[in-house]
C-alpha cells in the first residue's frame with residue numbers, strides 16, 4: 001500500500017475580489033446587526049463592542065508580530081486599550097490623551113521585567129500598537145459621546161454621527177469593490193495590494209460622496225459641502241488605511257491577521273478602513289456640524 005500522502009486540495013478561487021462573498025455578506029450582516037441593536041436600545045452598550053474589538057485587534061496584531069519575533073505585552077495593552085475607550089467616552093479628548101500617555105508608560109515599565117534583549121523592538125511595537133488600535137479606536141467613543149454619555153438617548157447626535165461614520169466607510173468599501181470587479185484594470189499599488197485599482201478608487205469616491213451628502217444634510221442637519229468633504233476624506237483615509245494594513249501583512253508574510261470572521265479574515269482586516277477614517281470624521285463633525 002502506498003505511503004504517499006494524497007495531494008492537497010487546491011485553494012478556492014473567489015474571483016477578482018479575493019473574497020468568499022456569501023460568507024463575507026453573512027458575517028457583515030451579523031456584525032452590523034450587533035452594532036445596530038446596541039445603538040438602538042442602549043448606546044453605551046456599543047462601547048462594550050468597541051472595547052471587545054480593541055482587545056481582539058490587539059490579540060491579532062500580537063499574533064502577527066510574533067512571526068517576526070516581536071512579542072507584545074498582551075495584558076497591559078488590552079487593559080490600557082479598554083481604559084482609553086472608557087475615559088474617552090465619559091471624560092472626552094483630554095482624558096484620552098492622558099490615558100494614552102499613562103498606558104504607554106505602563107507598557108514600557110512592564111517590559112522591563114523581560115530584561116534588556118529586545119526591549120527597544122518590543123517597546124516600539126507596543127507603542128505603535130497602542131496608537132494604531134486603542135487610540136484611534138477611542139475616537140469612536142468621542143464621536144458617540146457628542147450626544148452625551150448617559151446612554152439613554154436613542155437617536156442623539158452621537159448615535160447619528162456613528163451611523164454616518166459606519167455607512168460612509170461601508171459605501172467606500174462597496175464602491176471600490178463594485179467598480180474594481182467590473183472595471184478594474186489599472187492597479188493603484190501593485191506591489192502592496194494587486195487587487196486595488198484606480199477604477200475601484202473612483203468608484204469609492206462616487207459611492208461615498210453620494211451617500212455622505214444626504215446623510216450629513218438630512219441626518220445631521222449639516223451643509224452639503226461638509227458632506228462632500230466628509231465623503232472625500234473618508235475615501236482617501238479608508239484607502240490609505242487599507243494600504244497600510246496590506247503593507248503590514250506583506251512585511252509579516254501573512255495573508256490575513258486571523259480567520260475569526262468568515263469571508264473577511266481577521267478583525268483587523270475589516271477595521272483598517274474604520275480606524276483610518278474615524279479621527280478625521282470626528283474632527284470634521286465636531287467642529288463643523290455638532
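The values are calculated or read from the model by the stated rules, or taken from the named source; none is laboratory data. This structure is a prediction, so every number in the text was calculated from the model and none was measured. FYI the Cβ positions are ideal-geometry reconstructions off the backbone, even for glycines, and counts take in every protein chain you see.
It is to be established whether one or more residues within segment 135-155 are over 30 Å from residue 41 (Cβ atoms) and either buried (at least 18 other Cβ atoms within 10 Å of the Cβ) or not assigned by TED's automatic domain parsing to the domain that holds residue 54 (or both). No, segment 135-155 contains no residue that is over 30 Å from residue 41 (Cβ atoms) and either buried (at least 18 other Cβ atoms within 10 Å of the Cβ) or not assigned by TED's automatic domain parsing to the domain that holds residue 54 (or both).
Let's see how each residue does on (1) over 15 Å from residue 126 (Cβ atoms); (2) at pLDDT below 90:
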residue: 1; (1), (2): yes, yes
residue: 19; (1), (2): yes, yes
residue: 34; (1), (2): yes, yes
residue: 77; (1), (2): no, no
residue: 82; (1), (2): yes, no
residue: 96; (1), (2): yes, no
residue: 103; (1), (2): no, no
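Go through (1) over 23 Å from residue 137 (Cα atoms); (2) modelled with pLDDT of 90 or more; (3) within 19 Å of the chain's Cα centre (by Cα) for residue 224 and report which single condition fails. In the conditions (1) over 23 Å from residue 137 (Cα atoms); (2) modelled with pLDDT of 90 or more; (3) within 19 Å of the chain's Cα centre (by Cα), residue 224 misses (3) alone.
Would you pick out the residues in segment 195-208 that are under 20 Å from the mean Cα position of the chain (by Cα) and surrounded by fewer than 23 Cβ atoms within 10 Å (Cβ to Cβ)? Matches in segment 195-208: 195, 196, 201, 205. For segment 164-185, the count of residues that are surrounded by 20 or more Cβ atoms within 10 Å (Cβ to Cβ), in contact with a strand residue (DSSP E or B) (Cβ under 7 Å, 6 or more places away or on another chain) and either assigned by TED's automatic domain parsing to the domain that holds residue 51 or touching a residue at least 12 places away in the same chain (Cβ under 8 Å) (or both) is nonzero.
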